[in-house]
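Take a look at the structure set out below.
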Amino acid sequence: DTEVTQTPKHLVMGMTNKKSLKCEQHMGHRAMYWYKQKAKKPPELMFVYSYEKLSINESVPSRFSPECPNSSLLNLHLHALQPEDSALYLCASSQVYPSYEQYFGPGTRLTVT
Amino acid sequence: ELKVEQNPLFLSMQEGKNYTIYCNYSTTSDRLYWYRQDPGKSLESLFVLLSNGAVKQEGRLMASLDTKARLSTLHITAAVHDLSATYFCAVAMDSNYQLIWGAGTKLIIKP
């Protein structure tokens, strides 16, 4: 299994809602990443988890809260988002961190209304 | 600070024509990547270039790397409509392998 899966594919939420994005991989990778990609822009790194510990937080606002409950699963909890947070959220994994080889998931298209 | 510049940012071309997308980067790096992204979709890895003079080809796409010039090219031969997409280059930082991305080239191929 060489796949990173993400759910849901699409999410629409209001600014007062709480929701979560989920990412899974079963490749035995010990590093997982969240990226945010605005339309017509390249991806921006948000967080990196290595061995279930947060290694990198690229100064992301606290309304985004990552969680890595085990080595296969990565969540992104969302609360009190703003319309400008609407974007494609991509998850990726790699064998270890740092690593040259990242495997990207299909993404979750988030719309904040 | 590693910077990656891609050009052109937008390219509209006719089917059957050839064209090249350029990716310049500012400091040394061990790896350069090319990705394809269709609208609303995730990133598809096309090529990973590891060394000076590396050339890789897949179908109508060919990528090359000149580490001395800090330049990579993605050449499209006899373009077909299915190649319409946004193409990103990304360079891995030597220190932590973090990817630094170009701005992307939106390619539209008209029948």
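The values are calculated or read from the model by the stated rules, or taken from the named source; none is laboratory data. Since this is a predicted model, take the numbers as computed values, not measurements. In this analysis, Cβ positions are derived from the backbone assuming ideal geometry, glycine residues included, and neighbour counts consider all displayed protein chains. Please note that ligands, DNA and RNA were not included when accessible areas were found on the heavy atoms of the full protein model with its side chains. Shrake-Rupley method; radii C 1.70, N 1.55, O 1.52, S 1.80 Å.
Couple of notes before you dig in:
- Residue within region B:95-108 that is of a type in the set (D, E, K, R), at pLDDT below 95 and part of a strand (DSSP E or B) present: no
- Test: residue in region B:74-87 that is in contact with a strand residue (DSSP E or B) (Cβ under 8 Å, 6 or more places away or on another chain), within 29 Å of A:S50 (Cβ to Cβ) and buried (at least 19 other Cβ atoms within 10 Å of the Cβ): no
- Some residue of region B:13-33 being surrounded by 16 or more Cβ atoms within 10 Å (Cβ to Cβ), within 16 Å of A:E101 (Cβ to Cβ) and at the interface with chain A (Cβ under 10 Å from one of its Cβ atoms): yes
- Where B:F10 falls short, out of the listed (1) at pLDDT 95 or above; (2) within 12 Å of another protein chain (Cβ to nearest Cβ); (3) surrounded by 13 or more Cβ atoms within 10 Å (Cβ to Cβ); (4) more than 15 Å from B:V91 (Cα to Cα): (3)
- Scope region A:77-113; condition assigned to a strand (DSSP E or B), under 13 Å from the mean Cα position of the chain (by Cα) and within 14 Å of chain B (Cβ to nearest Cβ); matching residues: A:A87, A:L88, A:Y89, A:L90, A:C91, A:A92, A:S93, A:Y103, A:F104, A:T108, A:R109, A:L110
- Whether a residue is under 30 Å from B:Q6 (Cα atoms) and open to solvent by 60 Å² or more (accessible area, probe 1.4 Å) was assessed, and A:Y103 passes this test.
- Residue list for region A:37-56, filter: surrounded by fewer than 14 Cβ atoms within 10 Å (Cβ to Cβ) and either more than 12 Å from chain B (Cβ to nearest Cβ) or farther than 21 Å from B:Y35 by Cα (or both): A:Y51, A:K53, A:L54
- Restricting region B:35-49 to residues that are closer than 19 Å to B:A63 by Cα and within 9 Å of another protein chain (Cβ to nearest Cβ), the residue that is most open to solvent (accessible area, probe 1.4 Å): B:E44
- Test: residue in region B:16-35 that is free of Cβ contacts under 8 Å to residues at least 60 places away in the same chain and within 22 Å of A:L88 (Cα to Cα): yes
- Checking each residue in region A:52-100 for being over 19 Å from B:M93 (Cα atoms), of a type in the set (G, A, S) and touching a residue at least 24 places away in the same chain (Cβ under 8 Å) picks out A:S71, A:S72, A:A80, A:S86, A:A87.
- Considering region A:1-40, and only residues there that are farther than 23 Å from A:S72 by Cβ, part of a loop (DSSP other than H, G, I, E, B) and of a type in the set (K, R), the residue that is modelled with the lowest pLDDT turns out to be A:K40.
- Only a single criterion out of (1) within 12 Å of another protein chain (Cβ to nearest Cβ); (2) modelled with pLDDT under 95; (3) open to solvent by 50 Å² or more (accessible area, probe 1.4 Å) is not satisfied by B:K3, namely (1).
- Checked against the criterion of being at pLDDT 95 or above, of a type in the set (A, V, I, L, M), in contact with a Lys or Arg (Cβ under 8 Å, 6 or more places away or on another chain) and assigned to a strand (DSSP E or B), the candidates A:L54, A:L74 yield just one match: A:L74.
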